[in-house]
Amino acid sequence: MADDSQRPIVIKRIKKSAGGHHGGAWKIAYADFVTAMMAFFLLMWLLGSTTKGELQGIADYFRTPLKVSLSGGSGSGDSSSPIKAGGRDLTRSDDLQMRRGEMPEQKRRLGIREAKTEVMRHDMVRLKALKGQLNQLIDASPFLQQYRNQLLIDITSEGLRIQIVDEQNRPMFDLGSANLKPYARDILLALCKPLNEVRNGITLTGYTDAKRYSSGERGYSNWELSADRANSSRRVLIEGGIEDGKIKRVVGMASAVLFDPGDPYSPSNRRIAIIVLNTEAEESLNKTSGALAASKGNVPSKDAIDAASR
């Protein structure tokens with residue numbers, strides 16, 4: 001028996017043949033890279049085409065998936081679905097599930113309303129303070145106290161209204177004229193300082209009683225008379241220090257709005273109304289004036305109207 005130790009040792013080497021350029025592994029890596037890039041750009045496209053509400057719904061789901069799933073949505077899902085699942089149904093847009101992307105617009109509108117409410121509240125505080133200041137001024141002035149019954153102060157939807165009304169034996173103007181009595185002029189001058197301390201705009205309106213001129217409405221009538229009396233009051237206020245830009249409107253209403261409807265010929269129907277406008281009324285008046293200026297191309301100045309009234 002031959003000795004096995006004398007047998008020759010044969011080493012078999014298996015030669016693996018690899019492809020050129022370090023084999024084909026790089027192709028697999030490159031394919032993975034291209035796939036990842038495609039997924040990345042697809043993700044970017046989805047993010048760019050998704051509303052904020054949809055993104056918030058996705059974020060809610062991935063932030064607390066178990067909670068959302070167990071609660072059947074609870075604001076982030078759809079509780080009307082028979083299958084309890086998390087997340088929002090992003091394909092729905094009915095009244096039961098409004099997309100959150102629409103909420104900022106609603107919040108913006110709500111913010112505007114709240115801002116307007118706050119402005120109105122500040123206006124009311126300021127106008128009430130002015131009313132109290134005027135009442136104190138009248139009570140502290142022996143001159144104004146004797147005309148207390150002719151000075152009526154109240155707050156309307158437009159702002160603070162100050163009415164100076166006629167009495168039977170104490171008219172503010174000469175009969176059928178726009179010439180102010182001396183005491184009526186002094187009343188207007190006494191009001192100038194407190195009126196000028198607020199930034200609000202002012203309107204002036206003249207009123208007459210229902211007694212007509214003998215010439216009727218075709219000639220010089222109560223319409224012209226009421227407008228002229230309002231304009232005369234405006235000139236006195238300007239003389240007393242009121243800034244011309246504060247006066248936003250000067251009109252005559254004749255007997256169209258009676259103070260005492262039960263007695264159209266009552267002296268109290270002859271009056272001058274000064275309104276310290278609140279912000280809303282002043283903005284509305286400015287818009288109306290701007291629209292008129294745009295439609296007509298030109299609006300005559302107060303000086304031109306004043307010159308024409310002379």
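Read the figures in this text as sums done on the coordinates, not as results from a lab. Source: prediction; values computed, not measured. Every residue, glycine among them, receives a Cβ derived from its backbone with ideal geometry; neighbour counts consider all protein chains shown.
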The pairs in Lys131/Lys181; Lys116/Lys287; Lys248/Lys287; Lys193/Lys246 lying past 23 Å Cα-Cα in this model are Lys131/Lys181
Amide H neighbours of Ile155 at under 5 Å, excluding residues fewer than 5 places away on the same chain, with H built from the backbone geometry, are Arg161
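Could you calculate the contour length gain from Tyr220 to Ser141, that is, 0.36 nm times the residue separation minus the distance between their Cα atoms, to one decimal place in nm? If you can, show how the numbers build up before the last one.
Values: separation 79, 0.36 × 79 = 28.44 nm, distance 3.79 nm.
Difference between extended and current length: 24.7 nm.
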Karplus ³J(HN,Hα) for region 162-175 (6.51 cos²θ - 1.76 cosθ + 1.60, θ = phi - 60°; Hz, whole; x = Gly/Pro) runs 10, 10, 10, 10, 6, 10, 4, 10, 9, x, 7, 10, 4, 4
Sort the following peptides by mean Cβ neighbour count (other Cβ atoms within 10 Å, averaged over residues), highest first: 57-63, 40-46. 57-63, 40-46
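Using DSSP to call loops (not H, G, I, E or B), can you name the trypsin sites (Lys or Arg not before Pro) in region 149-206 whose Cβ has at most 13 other Cβ atoms within 10 angstrom? Could the numbers behind the result be given before it?
Working: sites: Arg161, Arg185, Arg199; in loops: Arg199.
Passing both the DSSP loop test and the Cβ count: Arg199.
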Once Thr35 and Tyr213 are pulled to full extension, the length gained, defined as 0.36 nm per residue separation minus their Cα-Cα distance, is 54.5 nm
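Could you give the length gained on full extension between Leu189 and Trp26, defined as 0.36 nm per residue of separation minus the Cα-Cα distance, in nm? Can you show the working numbers first?
Numbers: separation 163, 0.36 × 163 = 58.68 nm, distance 9.63 nm.
Full extension from Leu189 to Trp26 adds 49.0 nm.
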Under the Karplus curve 6.51 cos²θ - 1.76 cosθ + 1.60, θ = phi - 60°, whole-Hz ³J(HN,Hα) for region 177-189, x wherever Gly or Pro sits: 9, 9, 7, 6, 5, x, 5, 5, 5, 5, 4, 5, 5
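Provide the three semi-axes, in whole Å and in decreasing order, of the ellipsoid equivalent to region 123-309 as defined by the square roots of 5 times the Cα gyration tensor eigenvalues.
On the way: eigenvalues 113, 109, 47 Å².
Output for region 123-309: semi-axes of 24, 23, 15 Å.
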Would you mind checking which residues have amide H under 5 Å from Tyr213's amide H? H placed 1.01 Å from N; only 5 or more apart, or other chain. Asn222
